[in-house]
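In what follows, a structure is listed as structure tokens, so that the remarks can point back to it.
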Amino acid sequence: MAGNLNESMQAMRSTSLFYANSTMVGQRLMANTTISRFSTIMNPVILTVGELSTIYSINFLKESQDRAIINSFYAPTKESLTETLSTWASLGFPNPYPFCKFTMNPPELCSDGVKRDFFHYFRYLTGKKFEDYNATFEALMPGFVVIHHHTENTLTYFVIKP
Amino acid sequence: MSYTITLNDLVNNSNVVAVKESGDRASARLFLNPSRDEVLKPLHQWISSGSHENYPIHTLQLALPSTCSDSVQRNFPEYFTFLTNYGYEHVESTMTVKFSTFNLSYLSTISSFSVCVNPN
């Protein structure tokens, strides 16, 4: 905390110093139009170590949380799966029937500095594609076929009665 | 009427050189004013790869013309100054302000100049 405060104060001092200097630069600019094209007026600190650390930590934490959500998603309890499939059965086995889905918004930037869409973010977190998990569900309910569909940020698995 | 136009003729054409310099000048201007979003990506990569020393986060890379529009041959630092009227020391003082809390270093090659970060 104290470190962040010191850092912020240092950044403010640097910024103030810069603005003080920029006046001088501005005076020089008036006499030299070529230089003015590359003016550095109004270029304060764009990022501090503290800000970077915070942004990185938030992105890293989100990835950990999203990874945990995905792991729990692919390990449904027998009770929850039975309940969902029972509802399907009571409806007369309409095909295909959505039995589970989740929504996830990728961070602006992953912790490795890459911006990813939902599909690639999922693969980045799990090392697998959506369809690789069809078999995971099929193993939990032998005799049924599982397919999936994804939109911009939602993944849905459907069960089909052959 | 018979004539030939060679690749060298085209490359050394004054209009071609002027257009290239204009593009390079724009690149140099962008280099002097990096955006926050632009550097966040390499900085994330720097952290995730172990925060090594001299990690480039912002680079200006230009292909040097054989001769500039004023018919002078220049190396990279000279070409940068020709384009911007600034030397490397200006880049360093500018980046020191923009990244005041970072431990910066600079990497110069025959065709590029990079701003690098180091562990504090």
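The values are calculated or read from the model by the stated rules, or taken from the named source; none is laboratory data. Quick caveat, the model's predicted, so the values are computed rather than measured. Backbone-built Cβ (ideal geometry, glycine too); neighbour counts: all protein chains shown.
Residue under question is A:Tyr97, and the condition is that it be more than 14 Å from every other protein chain (Cβ to nearest Cβ) and among the aromatic types (Phe, Trp, Tyr); does it hold? Yes: the conditions hold for A:Tyr97.
Restricting attention to region B:104-120, the residues that are of a type in the set (A, V, I, L, M, F, W, C), part of a strand (DSSP E or B) and away from chain A (no Cβ under 14 Å) total 3. Consider region B:33-60 and keep the residues that are farther than 21 Å from A:Glu51 by Cβ and surrounded by 14 or more Cβ atoms within 10 Å (Cβ to Cβ). The one that is farthest from the other protein chains (Cβ to nearest Cβ) is B:Thr59.
Yes/no matrix, rows are residues, columns are (1) under 22 Å from B:Arg36 (Cβ atoms); (2) buried (at least 16 other Cβ atoms within 10 Å of the Cβ); (3) touching a Cys at 6+ places or on another chain (Cβ under 9 Å):
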{"position": "A:Tyr56", "(1), (2), (3)": "yes, yes, no"}
{"position": "A:Ser90", "(1), (2), (3)": "no, no, no"}
{"position": "A:Phe119", "(1), (2), (3)": "no, no, no"}
{"position": "A:Phe122", "(1), (2), (3)": "no, yes, no"}
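Of everything listed in (1) free of Cβ contacts under 8 Å to residues at least 40 places away in the same chain; (2) within 14 Å of B:Ser114 (Cβ to Cβ), the single unmet condition for B:Gln61 is (1). Of note, A:Ser64 satisfies the criterion of being within 30 Å of B:Trp46 (Cα to Cα) and of a type in the set (Gly, Ala, Ser).
All conditions but one from (1) at pLDDT 95 or above; (2) under 25 Å from A:Val49 (Cα atoms) apply to B:Phe76; the one that does not is (2).
What number of residues within region B:1-32 satisfy the criterion of being hydrophobic (A, V, I, L, M, F, W, C), within 27 Å of B:Asp70 (Cα to Cα) and away from chain A (no Cβ under 14 Å)? The number of residues fulfilling the criteria is 8.
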